[in-house]
Amino acid sequence: MLSFLVSTFLLSQTLSGRVIKVADGDTVTILTDENEQIKIRLYGIDCPEKGQDFSSKATAFTSSFCFGKIVKVTQKGLDRYGRVLGIILIGKKNLNEELLKNGLAWHYKYFDKTQKYVDLEQEAKNNKLNIWSMNNPIAPWDFRKKPKKR
């Protein structure tokens, strides 16, 4: 019951803060006015992992979009690592959508059914943008399952 209440509370909450770290294309850390650092994992999308094609470009895109800027985060819950799952907005610009639109993220359909995300990913595929310029791009969730090279 408590986890339901916490999840319901999180779903209705909006955060605001300055982006102080960009870990990768889909993970940033914000610093709130209360001086609290909160790690945000972008909801509904998955960017290429480190070591994957276009990972650096996705990270650079996210950094140029929001690093050092004040953002609003619409919370959608927590992931299994305790990070806030969120949608990052600067004004009316939505980082999650911009990454999809530019072919720098996959729509994470397993967790999200947003039609706009489906459409943005398809448009990027049709235009062969970034990850979609490759013959057989490997989704990050499949890349993570591969054994690590030593």
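The values are calculated or read from the model by the stated rules, or taken from the named source; none is laboratory data. Not measured: the values here are computed from a predicted model. In this analysis, Cβ positions are derived from the backbone assuming ideal geometry, glycine residues included, and neighbour counts consider all displayed protein chains. Heads up: the accessible areas ignore ligands, DNA and RNA and are worked out on the full protein's heavy atoms, side chains in. Shrake-Rupley method; radii C 1.70, N 1.55, O 1.52, S 1.80 Å.
Residue under question is ALA60, and the condition is that it be open to solvent by 50 Å² or more (accessible area, probe 1.4 Å) and among the aliphatic types (A, V, I, L, M); does it hold?
Details: open to solvent by 50 Å² or more (accessible area, probe 1.4 Å): yes; among the aliphatic types (A, V, I, L, M): yes.
Criteria met by ALA60.
Which is among the polar types (S, T, N, Q) and open to solvent by 70 Å² or more (accessible area, probe 1.4 Å), of ASN96, ASN126, ASN130?
Numbers: ASN96 fails: open to solvent by 70 Å² or more (accessible area, probe 1.4 Å); ASN130 fails: open to solvent by 70 Å² or more (accessible area, probe 1.4 Å).
One residue alone meets the criteria, ASN126.
So in the range 37-55, with the set limited to residues that are more than 13 Å from the chain's Cα centre (by Cα) and under 16 Å from ILE138 (Cβ atoms), which one is least open to solvent (accessible area, probe 1.4 Å)? Reasoning before the result, please.
We begin by selecting, within the range 37-55, every residue more than 13 Å from the chain's Cα centre (by Cα); these are 37-38, 50-54.
From what's left, under 16 Å from ILE138 (Cβ atoms): 50-54.
On the way: LYS50: 144, GLY51: 76, GLN52: 25, ASP53: 92, PHE54: 57 Å².
Checking each candidate, the answer is GLN52.
For the range 34-52, give me each residue that is in a loop (DSSP other than H, G, I, E, B), touching a Pro at 6+ places or on another chain (Cβ under 9 Å) and under 20 Å from LEU95 (Cα atoms). Walk me through how you get there before you give the answer.
Start the filter on the range 34-52 by keeping residues that are in a loop (DSSP other than H, G, I, E, B), which leaves 34-36, 43-44, 47-52.
Next, from what is left, pick out any that are touching a Pro at 6+ places or on another chain (Cβ under 9 Å): 47-49, 52.
Residues satisfying the conditions are CYS47, PRO48, GLU49.
Please go through the range 18-50 and give me each residue that is at positive phi and in contact (Cβ under 8 Å) with a residue 40 or more places away in the chain, ordered by number. Give the derivation first.
Filtering the range 18-50 for residues at positive phi gives 35, 44.
If the condition is that a residue be at positive phi and in contact (Cβ under 8 Å) with a residue 40 or more places away in the chain, then GLY44 is the only one that fits.
If you check ASN130, ASN94, ASN136, which single one turns out to be touching a residue at least 40 places away in the same chain (Cβ under 8 Å) and of a type in the set (S, T, N, Q)? Talk me through it step by step, then tell me what you get.
Numbers: ASN94 fails: touching a residue at least 40 places away in the same chain (Cβ under 8 Å); ASN136 fails: touching a residue at least 40 places away in the same chain (Cβ under 8 Å).
After ruling out the rest, the residue left standing is ASN130.
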